[in-house]
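Have a look at the structure below before the remarks.
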Amino acid sequence: MDINEILEYLPHRYPFLLVDRVLEMEEGKRALAVKNVTMNEPFFPGHFPHRPVMPGVLILEALAQAAALLSFKSAGQKRDDNSVVYFAGIDKARFKRPVVPGDQLLLDVTIIRSMRNVYKYQAIARVGDELAAEAELMCAIKSLS
């Protein structure tokens, strides 16, 4: 899934779009996506200016966006003006390695459970083979009308 297709599913735009490409997608099960972390990210000048580190909350947001892509694809829906995927919960979040400019963040999300339009995921962020962060995430597709 390239950036043009991602934009069809996610409402996020720069500077808050945190998924650059989806490498693998098994609808109803798992997705593997990529966030290329560059020095041009708008948060780096203010988040440890002399030693830039991607904020952990944005790593979790990137994982949630990958999960949202999987949620929409699994539900057979595209984003429209009447629906959105909300972050509904975070459990067991752990940060193991700093993510810095030049890293390629691999976002691996697997559905643990789904019921109606609510999905629970095991989410793992890696840089190469190194674990950067992990959490259980809950996302919900909601109709706005």
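Taken together, the values in this text are just the output of simple stated rules run on the coordinates, not laboratory data. Please read these numbers as outputs of a predicted model, since none were measured by experiment. Cβ sites come from the backbone with ideal geometry, for glycine too, and all protein chains shown count toward neighbours.
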Quick one: Karplus J couplings for region 22-31, per residue in order, coefficients 6.51, -1.76, 1.60, θ = phi - 60°, nearest Hz, x for Gly and Pro?
10, 7, 9, 8, 10, 3, x, 9, 7, 9
Global size of region 89-145 as Cα Rg and Dmax, reported in angstrom
13.6, 43
How high is the relative contact order of region 3-143? Use alpha-carbon pairs under 8 Å, at least six apart in sequence, and give a whole percent.
27 percent
Total lysine pairs whose alpha carbons fall under 13 Å of each other in region 3-143 (8 or more apart, or interchain):
4
For the chain, list log₁₀ I(q)/I(0) at each q in 0.12, 0.18 Å⁻¹, using the Debye formula over Cα point scatterers of equal strength and ignoring solvent, two decimals each.
-0.45, -1.00
Could you compute the FRET efficiency for Asp81 and Arg30, with r as their C-beta to C-beta distance and R0 at 25 Å, rounded to 0.05?
0.30
Rounded to the nearest 20 Debye, what is the dipole magnitude of region 86-145 about its Cα centre when Lys and Arg each give +1 and Asp and Glu each give -1 at the C-beta?
300 debye
Quick one: Karplus J couplings for region 75-90, per residue in order, coefficients 6.51, -1.76, 1.60, θ = phi - 60°, nearest Hz, x for Gly and Pro?
7, x, 10, 10, 4, 9, 6, 10, 9, 8, 9, 9, 6, 10, x, 9
In region 1-24, which residues have a backbone nitrogen under 14 Å from the label point lying 7 Å from Asn40's Cα in the Cα-to-Cβ direction?
14-17, 20
How do the peptides 72-78, 33-39 rank, highest first, by the average count of neighbouring beta carbon atoms within 10 Å per residue?
33-39, 72-78
HN-Hα J couplings of region 101-116 from phi, Karplus 6.51/-1.76/1.60, θ = phi - 60°, integer Hz, Gly and Pro as x?
x, x, 6, 10, 8, 8, 10, 10, 10, 10, 6, 8, 7, 9, 8, 6
Sequence-distant residues sharing a close amide H with Ala88 (under 5 Å, placed H):
Met138, Cys139, Ala140
Report, by chain and number, residues whose modeled amide H sits under 5 Å from the one on Ile112, excluding near sequence neighbours (fewer than 5 apart, same chain).
Lys120, Tyr121, Gln122
